[in-house]
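Working notes for the structure below.
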Amino acid sequence: MKKPQSLAGDMQTISPPKLRPILPAIACLLLFLCLGSGVEWMLFEYRQQQSAWAKAIDANHAETLLARLQAELNTVIYLSNAIAENPAIRQDLPDPDKMGKFFTDTFRLSRHVQSFAITKAYRIAYVFPPDDDGQTIDYDYKGLINQLPWIQANLETRTPLLAWTNPPERRLTYLSPIFEDGQFWGLLSTLINDSSLLSTAGLTQTTGEYQYSLRIQRKEGLKSAAILGSDGLFDDPNANVSSMTLLGDTWQLALKASGETPPSNWRLFFRVLGWIFAAAFAALMLALWTLKRKLDDLALYDRLTELPSRHLFLDRLKQVIRRTKRNQGKFSTLFINLNEFSKINQSHGTKVGDMMLAGIGKRLIGLIRHCDTVTRWGGDEFLILLDECPHDQAIIIAENLRHQIELPIYCGELQLRVGAAIGLATFPDDGQSLAALLKVADAKMVKDKALHKN
């Protein structure tokens, strides 16, 4: 004789709705990426801020150097202008002794001056300090083909000229025109010691903290080669270029911090720490979500049978009562208790009893409509809500459920059977409140239990 089929394969089961595990995992991954991106954005903003601060410091340093350079040049310019305006320069030129005494005293006060030269017209007539042999250099400025147009242009406007001669001569010269009775008389040429000038201004490469490059752009638009450093530094995008105007010419200073900035260990530390925090926070959110789902399942569904919990059943029953009152309809409630179930627990253990309860729950789910609700009320008791079901239809359903429950149930190799006591209460005939319906159903279940005890 063929034994009845196991409950696990032939009964419909309603289980708690579960989201696909991939959805919260994706959400937590996105959270992890967002937090990590936030860490990278903060580090990027910090680097940008640090870069802006560094550029501001470099620009301030460059402005300071140019101000010091201008101050040092002004000492030479003011001294040279004072000498050029002194009438004794023209009157005492024929007397070498007077000229020597005048320039000896003046030379002690001068800074960064390498030599003075006086020209009558464009030819040099006196040089201090003199050469070792005491001879005056025979030199005509008209031979300076490149500088002569600038000199003549400055003479027309009666303005001095600061000229830089590139290597191989490499000299910085300040030319002050000398006038007598409004007519051009000659020039005072002051040769500036560029090494002393730049060193005093702080433009030196010996510290190694910065790289410098200095050049002059004349008001005519012509650029000199770099006085200091290389021209390539002006084209470096990481270099700071500042400028000042002196005697109509533009002095440009390019400045760049020497060497590469070493990688910051603390920045790497915060990046790793930030990503670890992002991973930990995302994992915590996933764990909390999983825990919440489990708690929701425990609150809304019976852990053993996976049937709706008592709380969910009562909430559904309240909704049906309100709707049925509004529609003036009827519904029924079944209170089911398993007869002799305690003997199964005593004879075969609670594990077999739990398997049997789960099997009964699956069987009940398979026998009711999708609009109905069944719950494990507690122990071996079940409640069924039959929506829009009058009393006569509920009696037929109850007897069918009793017959199905009393069929054998296989738990492994064990064939077990239990009886069922069922109490029926119909709304509104047996009561119009939740408590009244449950009280009537429970009382009828007790009477039916006594009737079908054996």
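The values are calculated or read from the model by the stated rules, or taken from the named source; none is laboratory data. These numbers were taken from a predicted model, which means no experiment stands behind them. Ideal geometry is used to build each Cβ from the backbone, glycine not excepted, and the neighbour counts take in all protein chains shown.
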With the requirement that a residue be at pLDDT 85 or above and surrounded by fewer than 13 Cβ atoms within 10 Å (Cβ to Cβ), what does the stretch 296-310 give you?
none
Going by the structure shown, is ASN327 modelled with pLDDT of 85 or more and in contact with a Gly (Cβ under 9 Å, 6 or more places away or on another chain)?
no
Would a scan of the stretch 178-193 turn up a residue that is in contact with a helix residue (DSSP H, G or I) (Cβ under 7 Å, 6 or more places away or on another chain), among the hydrophobic types (A, V, I, L, M, F, W, C), at pLDDT below 80 and surrounded by 12 or more Cβ atoms within 10 Å (Cβ to Cβ)?
no
Pairing a residue in the stretch 300-311 that is of a type in the set (S, T, N, Q) with any residue that is in a loop (DSSP other than H, G, I, E, B), where Cβ atoms lie under 8 Å and the two sit 6 or more apart in sequence or on different chains, gives SER309/ASP302
Can you spot a residue in the stretch 415-433 that is within 59 Å of the chain's Cα centre (by Cα) and either buried (at least 18 other Cβ atoms within 10 Å of the Cβ) or not assigned by TED's automatic domain parsing to the domain that holds ASP315 (or both)?
no
Determine if the stretch 348-366 includes at least one residue that is acidic (Asp, Glu) and touching a Cys at 6+ places or on another chain (Cβ under 8 Å).
no
Filter the stretch 44-93 for residues that are farther than 16 Å from ALA201 by Cα and among the basic types (Lys, Arg) and give the result.
ARG47, LYS55, ARG90
Among (1) out of contact with any Lys or Arg (no Cβ under 9 Å at 6 or more places or on another chain); (2) among the small types (Gly, Ala, Ser); (3) within 21 Å of GLN319 (Cβ to Cβ); (4) surrounded by fewer than 20 Cβ atoms within 10 Å (Cβ to Cβ), the one test that ALA450 misses
(3)
Would you confirm, using the coordinates I've provided, whether GLY349 is free of Cβ contacts under 8 Å to residues at least 40 places away in the same chain and at positive phi?
yes
Pair list, Cβ < 8 Å and 6+ apart or interchain, from the stretch 106-135 residues that are more than 17 Å from ILE89 (Cα to Cα) to residues that are at pLDDT 80 or above and of a type in the set (Ser, Thr, Tyr)
ARG111/THR75; ARG111/SER196; ARG111/THR200; HIS112/THR75; HIS112/SER196; HIS112/THR200; VAL113/THR190
